1. Which of the residues spanning the stretch 202-232 are out of contact with any Leu (no Cβ under 6 Å at 6 or more places or on another chain) and among the small types (Gly, Ala, Ser)?
2. For the subset of the stretch 49-63 comprising residues that are more than 14 Å from Ala98 (Cα to Cα) and β-branched (Val, Ile, Thr), which member is most open to solvent (accessible area, probe 1.4 Å)?
3. Given the criterion farther than 27 Å from Trp389 by Cα and in contact with a Lys or Arg (Cβ under 8 Å, 6 or more places away or on another chain), identify the matching residue among Arg123, Arg174, Arg147.
4. Which of the following residues is modelled with pLDDT of 95 or more and among the charged types (D, E, K, R): Asp180, Asp172?
5. Kindly list, by first and then second residue, each pair from a residue in the stretch 28-46 that is within 23 Å of Val104 (Cβ to Cβ) and part of a loop (DSSP other than H, G, I, E, B) to a residue that is open to solvent by 40 Å² or more (accessible area, probe 1.4 Å) and of a type in the set (Phe, Trp, Tyr), limited to pairs with Cβ atoms under 6 Å and residues at least 6 apart or on different chains.
6. How many residues, within the stretch 260-285, are aliphatic (A, V, I, L, M) and free of Cβ contacts under 8 Å to residues at least 40 places away in the same chain?
7. Consider Ala296 carefully, then state whether it is free of Cβ contacts under 8 Å to residues at least 24 places away in the same chain and aliphatic (A, V, I, L, M).
Amino acid sequence: MLPARWTLPLALAVAAGCQAGSDNALPAPVVESLANPAPAGSAQPGLTVSPGVGLILSWQVRHPDSSLSLHFARLDPAAGGWSPVASVATGPNMLASAGDVPSVTQLPSGALVAAWRGRQAPRGYDILLAHSADSGRTWSAPRSPHRDSTLTEHGFVSWLQLGDTTGLVWVDGRGNADADTANHATRLAHASLDADGASLPETFVDAKICDCCHTAAAAVPGGAVVVYRDRTDGEIRDISAVRWANGTWREPVAVHNDGWYIRACPVNGPSVAAVGARVAVAWFTMAQDTARVRLAFSTDTATTFGPPIDVNEGRADGKVGLVMTPAGGALVSWIERRDGNAVLRVRHIRADGARSPAVDVAKFGDGKRAGGMPHLALTAPTGDAILGWTDPGTNRVVTARIRLP
């Protein structure tokens, strides 16, 4: 259950949503508590959805010896609840990051594959993948999808379903090991997995991107679309989208030219969702020193995008989540600051720009990393959205069910 201290804010937010303002053209989303099996001490929730399996919630637990372990459970609405908890791996070299969380997904073969950060010495980190052919009872030894041995950063995995093939994209820092500093650049990398979960040789999709903002991916007819924070030579770090179509990567396109000039990584990546050829992208920007969460729609599989729609009301922190409704609208989650608190909020936005009232889901206090990186997923094309985050008050992963009236 959600902690009792959230009950009143949730009730007030939903009730206030019935009092539509000038742009509140849609009913407010309804937020309900959803118990989950993550224990005290859990953090870094990940959510994935796979055909035939449903939603998978993963999380990490830190132990008294400072080691971490990775666990997961499936949500099966038809069966009325969660599966028993399964464990993937435990080890002193597993890393925790509020912005780069582990995940578990299903391959077309029915096997499971898990991804997490692994520590390198003396610096840097790798992506580690483990494979299970027996529904998570036993796991292979971990291996990396990248073939380099540089002591650099590799992370922020997003999964791709390309027909009968599962692939992943990630943020790859091996270029920063180049002796010529003029060539230093973080790249967007991609690899496919074989039926046993082993990665095929990687390719590079974009030669220069932001160093530590998460990626996101969605399936579209004929392929997939990946969104990420790009980086120009002039340090403009806006959001780009790149499509996999007909067996090849197309040229990236700008979702919108915000023009955010920043000489550092904001650790604040985008989110993407798709229904058929319709695609939605949500992101955070501080262009012109204005903190905003924005949303843009595409009707042509992310080839072009319409004008951005502003999502937030208070000072945005970003950390966006996004799912699309069957009708082509979007449900967006984000964190913003209000009255000294970090507030996790959601709202429904239609493709024509009509917005529902924004609903408070949780308040965290003023910690910079309060709530971690919330994740939003859709249980089925016509199902409810599930939102997961880390609550610093109860020190555990919390989930909520979000319904559109």
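The values are calculated or read from the model by the stated rules, or taken from the named source; none is laboratory data. Just so it is clear, the model here is predicted, and its values are computed rather than measured. Because the Cβ atoms are built from the backbone with ideal geometry, glycine has one as well, and the counts that use them run over all protein chains shown. Side chains included, ligands, DNA and RNA excluded: accessible areas come from the protein's heavy atoms. Shrake-Rupley method; radii C 1.70, N 1.55, O 1.52, S 1.80 Å.
1. Hits for the stretch 202-232 are Ala207, Ala216, Ala218, Ala219, Gly222, Gly223.
2. Selected residue: Val49.
3. Arg174
4. Exactly one residue qualifies, and that residue is Asp172.
5. Listed pairs, sorted by first residue: Pro37/Trp82.
6. 2
7. Answer is no for this residue.
Residue by residue, here is whether (1) open to solvent by less than 70 Å² (accessible area, probe 1.4 Å); (2) of a type outside the set (A, V, I, L, M); (3) more than 16 Å from Pro374 (Cα to Cα) holds:
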| site | (1), (2), (3) |
| --- | --- |
| Pro37 | yes, yes, yes |
| Ala43 | yes, no, no |
| Leu47 | yes, no, no |
| Trp82 | yes, yes, yes |
| Thr90 | no, yes, yes |
